[in-house]
Amino acid sequence: MKRINIAIDGHSSCGKGTLARHLAQQLGYVMIDSGAMYRAVTLAALRAGADITNEKEMEALLPGLQIGFQIHPDNGRSELLLNGVNEEKSIRTMEVAAAVSPVSKHSAVRRFLVDMQRQMGRDKGVVMDGRDIGTVVFPDAELKIFMTASPEIRAGRRFRELQQTGIVTTLDEVLENLNSRDQQDSSRADSPLRMAEDARLLDNSSLGIEEQAGIALTWAREAMEGNGIVR
Ligand code: DC
């Protein structure tokens, strides 16, 4: 079966990363969390005290940033490296979550990260999740999935995740952040969040991960057989 790229896009906190991880494990592919890369740029900007609304200031930061991933030896999860330092925890704070949409609307930031993401997918065998993967990063991905779920369900899931990692917040704050990011991510001029015309829709409001992975694996296998009637 041929190696393919799988693009997973969708709203904030609807389990794109969890599905991407399952698919990558099952297929022996590499999983890439593109949102982590936007969060890394945001973290660097906040630490540098840059004005995140100023595109020129943001652009000036980019050449000094090295972004990569590292596999955690115990749980096999991919974790973000910024300039060689594991910043997986620091990029998940509410402070970064509040600043990441304004940062990711700058075209200079998007160009910088999209180039990197395309390099990562050059040899296929990648499952990448984000907002513009099927529309901009890999418009020729053999399988595109667009995920969504109701805002309340998404906020509940993200709230529990944050609690488990010891981040202090409230359900209301999380819900407000999700709604605000979705609104900003869908309305920006450059590469807004939208479903690619040839994407498959997966609403996981009432689906467990095993069911979602089962559906997505069936789609992936169809795409790998390359019979031309995938979508
Ligand atoms: O997937 P996430 O929630 O960690 O992403 C954080 C933010 O990064 C998201 O609100 C918008 C931005 N993002 C983007 O603009 N394009 C992507 N491909 C991925 C994320």
Report task. Return the sequence-ordered ³J(HN,Hα) values of the range 191-203 in whole Hz as given by the Karplus equation 6.51 cos²θ - 1.76 cosθ + 1.60 applied to θ = phi - 60°, using x for Gly and Pro. Result -> 6, x, 5, 7, 7, 5, 4, 9, 8, 9, 8, 10, 9
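Where nothing but the Cβ of Lys and Arg (+1) and of Asp and Glu (-1) is charged, how large is the charge dipole of the range 32-134 around its Cα centre, in debye to the nearest 20?
Values: 13 positive and 14 negative charges, 41 e Å.
About 200 debye.
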Query raised in the report: Fewest to most neighbouring Cβ within 10 Å: what's the order for V168, V103, V114?
Result: V168, V114, V103
Report summary line: For the chain, the longest principal axis of the Cα atoms and the Cα long axis of helix 171-187 enclose an angle in degrees, to the nearest 10, of 80
Query raised in the report: What does the helix-only formula give at 222 nm for the chain: each DSSP H stretch with n ≥ 4 adding -39500 (n - 2.57), the total divided by the residues, and the result rounded to the nearest 500 deg cm²/dmol?
Result: -15000 deg cm²/dmol
Query raised in the report: Non-local amide H neighbours of G125 (under 5 Å, H modeled in plane, Pro and chain starts lacking H): which ones?
Result: I4, N5
Query raised in the report: Around E79, which amide H atoms from residues at least 5 apart in sequence, or from another chain, sit under 5 Å from its own amide H, with H modelled in the peptide plane?
Result: Q70, I71, H72
Report task. Would you list which lysines come within 30 Å of K124, measuring only between C-alpha atoms, while excluding same-chain residues fewer than 8 positions from it? Result -> K2, K16, K89, K105, K144
**Report entry** Calculated from backbone phi, Karplus (6.51, -1.76, 1.60) coupling profile of the range 102-107 in Hz, x at Gly/Pro
**Finding:** x, 5, 7, 7, 6, 4
Query - Amide H within-cut-off set for R200, under 5 Å, with H built and near neighbours excluded - result: K144, I145, F146
Requested in this report: Please get the size of the charge dipole for the chain, origin at its Cα centre, with Cβ charges of +1 on Lys and Arg and -1 on Asp and Glu, quoted in debye to the nearest 20.
Outcome: 340
Report summary line: Nearest 10, in degrees from 0 to 90: the angle of helix 151-164 to the longest Cα principal axis of the chain is 70
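Out of the GluC sites (Glu not before Pro) in the range 8-86, which ones are loop residues according to DSSP with at most 14 other C-beta atoms within 10 Å? Could the numbers behind the result be given before it?
Working: sites: E55, E57, E59, E79; in loops: none.
Here no GluC sites (Glu not before Pro) fit, given the DSSP loop and packing criteria.
Each reported figure results from applying straightforward, stated rules to the coordinates on display, with no laboratory input. Bear in mind the structure is a predicted one, so any value in this text is a computation, not a measurement. Cβ: placed from backbone, ideal geometry, glycine included. Neighbour counts: every protein chain shown.
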